[in-house]
Amino acid sequence: MATSKMQSTSLLDQFHLYKNTPPGQKIPVTFHARVHAVNDDRPGDECIILMRDQNNIFLRVHVDTKNVNPASLGVAQTCTLESVLRVSGTLTLSDKQSMPEENVIAGVVEASDLVMISQAVDGLVNRPSVNEQAGGSGVLKLNERLNNRILDFTTFEIAMPIERHWTELLDKGEDFFIFAIRQLQTREKFRNLTALAKRLSSSAGEIRLGLDGDGKMHRLTFSEAKRLLKSNGAQDINEEADLTPKEEVELGRLMRDHPPAPYSPTDVFTVMEYPAASRSFQYHALPASSPGQARTTSSGDIMLRGQESATILQCYHDAKLLRAAMQASNPPVDPDAPMFQPWFEALEAGLHPNGNVAIGLNRFLQGYLGLPDIHDTALFPRDANKLLP
């Protein structure tokens, strides 16, 4: 059977083209995507392949020996997880209610041609096979949820002295975000690149940069952030624990759509003064505001589209304070351990008050482009299931 001459597209393109098409329609398609899973309980003359593109859009492909040539059948039988295939066939759309997952195209492709574009090493990842739910509904059991963590990342870090107050660190980090976002949104070179990125993410570059009357980024204390979440119906709020990913997302939504006075709608803001109990010992702790009050830290996170994208902290510059912080941490850390001696020797020689601004460039890029998965910001992303290539 001849290979289809139709132009190959991504699954995201297919998703947007046919998301409003009535069920039952049969549409010729050609697309390229990765093999996410393959079933292991079908007869030998057919199989189901679950395909996934870089936007985590999923689509099932049915391969039957009666409809494909031997070369395509060989591709289906030997393809490994994470291999890249070009698939041609007929997409039959089904009722969207049968596909409750928002990122799954409601339908199945009857393959007519498969071409191996890039063969991944066998055993690169280990995932459950594709299985259908009972009753013949054809709903996929997507047993794996791709998390938003990446092991091989790029950080832009600023180490600087503090002259008067630790919030100088916040000023430096916030100024970077304001400058970078404005440059990306206004310079012609970056506007053109962002326009290309919109083909993958329609919200690329559409960042609301809400600032105060002095042109500064909005700041919430950690306790204010928790109260804002609680007052808007968030459940099971632990006011001493760090913000969970779910809470960060909700906080980002509130600051964008329903910010409390005096804040203006924004996609980027700072949460500062995290509790000492939620931070590791090297975060400089502030004195308690009153007896019995939990101590906070000279630290903050810059949130971009509901996700921490930079961490800012004042470091200990006094050896006695650092030693006390290590001994008081839970669990305690031995300050006399050999690995810490060069650190203490530097502090004992005299060190100016200082701190760090650590900006996760992968997170920044993900937030600016509105990408659903941080793995899309790296050419060869590493995570808990993938260390090669």
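FYI, it's all coordinate maths here, none of it is from the lab. Everything numeric in this text was worked out from a predicted model, so none of it was measured. Note that each Cβ is placed from the backbone with ideal geometry, even for glycine, and that neighbours are counted across all protein chains shown.
Quick notes on this structure:
- Sorted by Cβ neighbour density within 10 Å, fewest at the top, the residues 186, 377, 21: 186, 21, 377
- The residue list 284, 222, 252 was ranked by how far each Cα lies along the charge dipole of region 164-288 toward its positive end, using unit charges on Cβ atoms, and 252 comes out on top.
- Cα centroid separation, region 189-221 to region 243-258 (Å): 17
- Sorted by Cβ density within 10 Å, fewest first, the residues 369, 73, 321, 196: 196, 321, 73, 369
- Sorted by Cβ density within 10 Å, fewest first, the residues 380, 344: 380, 344
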